[in-house]
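Colleague: Handing you a structure now.
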Amino acid sequence: MKIDANLDDTDVRILKALVEHKKKVSTRELSDQLDIPDRTVRYRLRKLKEKGLLCPPKLQTYERKLGLGENLLLLQSNPAKEEQLTQLLDETQFFYYYAPTYGKFDGFMVYAMYPLVTPRMVLQLAEEMVDRGLVRDFFLLDMVDYTRKPAELEPLLPDSDWTWDKWSRDIETVMSSDCEIELGLEEFPKAEPFDYTDIQIIKHMVENPASTLKEVGEALDPEMSLTQVHKRVKRLEDTGVIRGVKPSFSPYKDYISVSIFFKSRDYAKKILCGFHKLPFEINFAMENRSTYNLWVMMPSSETNNFLQRMNFFRKYTDDFFIQMVLKGRSKGYVHLLSAFNLETESWEMPISETLVKIKEIAR
């Protein structure tokens, strides 16, 4: 479970600072904060990337405030038609990521985007897949808001005293007392004004997260001033549409993903707090204040220790199940931003073609 890499005190200080920062931070800022020469910071960052502990920066966005929703779909596949189902997932633009999954639903876990003005779009596609025999059953979660907790550094260092027994004691304490964790998830996010240029800025930054604002402006419109780009990006950040750009701390070369779905009217916040105390990377997704999905990424060797402690949470929930998720295929979602029609100023993702495709593939 501990990090399998030789790290000295300087490496640890740099990694801690990167994990703690909410947004992208420059080497100069790290140098000033840690009182380490700028050249040393750049060299250490390069070495940490070579060791696989730092992944390239990614732009975190929240498209729901721009009128795009996101569904998480579990498909109970029909083994006799799994090849056709895979073809459909590959060829459907709305399904931008899918992975084999096993648990309550044996088949695929799929992420899909849809215009908020057509909230039943993904549901309609799933129902058609059932009618055509491609899948036997499905489960749909509307991801109203989501956030990511990066892996923590200190519990994973060789001299750490973190253990599974310690976590067990921690979650017992959490469930019997108040919890102070605040994930900042919005149940009713407010729509924000935007235009085609905003969409193009987001699209370019998703594809080129390391770009400077000057490079963003030059790529979109050479006549756009740096001040104009800065004002637009700052507004997108202030409204929460852009949630930051930063490198990802990745302590493990080999890991397994466990996806937890639960509903708890009375204890949801405490359950979230308990999971938040894990040192691993966790993606939190909320449908409403009682219904959540958690995606936990941990070393494969720790799966049994994790699963053995899941029954503790079950007694506090109204519904609870786990999916093991294998390596998936990501088509990226940036192409979906092209669905914004400049003339109508709306998202256009017609499903008629996909419904026809489902019928043809299922034959």
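The values are calculated or read from the model by the stated rules, or taken from the named source; none is laboratory data. This structure is a prediction, so every number in the text was calculated from the model and none was measured. Positions of Cβ are generated from backbone atoms using ideal geometry, with glycine treated the same way; all protein chains shown enter the neighbour counts.
Colleague: Just one of the numbered conditions (1) over 17 Å from the mean Cα position of the chain (by Cα); (2) under 30 Å from Pro193 (Cα atoms); (3) outside any loop (DSSP other than H, G, I, E, B) is not true of Glu343; which one?
Modeller: (3)
Colleague: Among the residues in the range 115-128, are any more than 30 Å from Met310 (Cα to Cα) and of a type in the set (Ser, Thr, Tyr)?
Modeller: Yes: the range 115-128 contains one or more residues that are more than 30 Å from Met310 (Cα to Cα) and of a type in the set (Ser, Thr, Tyr).
Colleague: Tell me the residue from Gly133, Gly67 that is of a type outside the set (A, V, I, L, M, F, W, C), in contact with a strand residue (DSSP E or B) (Cβ under 8 Å, 6 or more places away or on another chain) and at positive phi, please.
Modeller: Gly67
Colleague: Here's something else I'd like to know. So if I check each of Tyr43, Tyr102, Tyr98, Tyr111, which one is more than 20 Å from Tyr255 (Cα to Cα), of a type in the set (Ser, Thr, Tyr) and either touching a Phe, Trp or Tyr at 6+ places or on another chain (Cβ under 6 Å) or assigned to a strand (DSSP E or B) (or both)?
Modeller: So the residue among Tyr43, Tyr102, Tyr98, Tyr111 that is more than 20 Å from Tyr255 (Cα to Cα), of a type in the set (Ser, Thr, Tyr) and either touching a Phe, Trp or Tyr at 6+ places or on another chain (Cβ under 6 Å) or assigned to a strand (DSSP E or B) (or both) is Tyr111.
Colleague: Related question: Out of all the residues in the range 1-39, which are in a helix (DSSP H, G or I) and exposed (fewer than 15 other Cβ atoms within 10 Å of the Cβ)?
Modeller: Asp9, Thr10, Val12, Glu20, Arg28, Glu29, Asp32, Asp38, Arg39
Colleague: Oh, and also: Which of the residues that make up the range 167-202 are in contact (Cβ under 8 Å) with a residue 24 or more places away in the chain, charged (D, E, K, R) and within 20 Å of Tyr316 (Cα to Cα)?
Modeller: Correct list: Asp170, Glu172, Glu180.
Colleague: Say we look at the range 185-208 and pick out the residues that are in contact with a strand residue (DSSP E or B) (Cβ under 7 Å, 6 or more places away or on another chain) and not in a loop (DSSP other than H, G, I, E, B); which of these is farthest from Ile242 (Cα to Cα)?
Modeller: If we take residues in the range 185-208 being in contact with a strand residue (DSSP E or B) (Cβ under 7 Å, 6 or more places away or on another chain) and not in a loop (DSSP other than H, G, I, E, B), then Tyr196 is farthest from Ile242 (Cα to Cα).
Colleague: Determine, yes or no, whether Tyr62 is within 21 Å of the chain's Cα centre (by Cα), among the hydroxyl-bearing types (Ser, Thr, Tyr), crowded, with 17+ Cβ neighbours inside 10 Å and within 28 Å of Val325 (Cβ to Cβ).
Modeller: Criteria met by Tyr62.
Colleague: Let me ask another. Name the single residue that is modelled with the lowest pLDDT among those in the range 335-363 being touching an Asp or Glu at 6+ places or on another chain (Cβ under 6 Å) and of a type outside the set (S, T, N, Q).
Modeller: Checked the range 335-363; the qualifying residue modelled with the lowest pLDDT is Ala339.
Colleague: Scanning the range 222-248 for residues that are under 29 Å from Glu186 (Cα atoms) and modelled with pLDDT under 85, which turns out surrounded by the most Cβ atoms within 10 Å (Cβ to Cβ)?
Modeller: Pro247
Colleague: Restricting the search to the range 317-363, which residues are within 30 Å of Gly274 (Cβ to Cβ) and out of contact with any strand residue (DSSP E or B) (no Cβ under 9 Å at 6 or more places or on another chain)?
Modeller: The answer is none; no residue qualifies.
Colleague: I've got another one for you. What's the number of the only condition in (1) under 30 Å from Asn341 (Cβ atoms); (2) at pLDDT below 95 that Glu180 fails to meet?
Modeller: (1)
Colleague: Does Gly133 satisfy being touching a Lys or Arg at 6+ places or on another chain (Cβ under 9 Å), buried (at least 19 other Cβ atoms within 10 Å of the Cβ) and not aromatic (Phe, Trp, Tyr)?
Modeller: Considered against the rule, which asks whether it is touching a Lys or Arg at 6+ places or on another chain (Cβ under 9 Å), buried (at least 19 other Cβ atoms within 10 Å of the Cβ) and not aromatic (Phe, Trp, Tyr), Gly133 comes out as no.
Colleague: Considering only residues that are touching a residue at least 24 places away in the same chain (Cβ under 8 Å) and in a loop (DSSP other than H, G, I, E, B), look in the range 148-166 and name the one that is farthest from Leu294 (Cα to Cα).
Modeller: Looking at residues that are touching a residue at least 24 places away in the same chain (Cβ under 8 Å) and in a loop (DSSP other than H, G, I, E, B), I get Pro158.
Colleague: Is there a residue being touching a Cys at 6+ places or on another chain (Cβ under 6 Å), within 27 Å of Glu20 (Cβ to Cβ) and outside any helix (DSSP H, G or I) anywhere in the range 249-269?
Modeller: Checking the range 249-269: at least one residue is touching a Cys at 6+ places or on another chain (Cβ under 6 Å), within 27 Å of Glu20 (Cβ to Cβ) and outside any helix (DSSP H, G or I).
Colleague: Continuing with the same structure: Please name all residue pairs, on different chains or six or more residues apart, with Cβ atoms under 6 Å, provided the first residue is in the range 209-221 and is surrounded by 16 or more Cβ atoms within 10 Å (Cβ to Cβ) and the second residue is assigned to a loop (DSSP other than H, G, I, E, B) and at pLDDT below 90.
Modeller: As it stands, the answer is Gly217/Met224, since those pairs meet every condition given.
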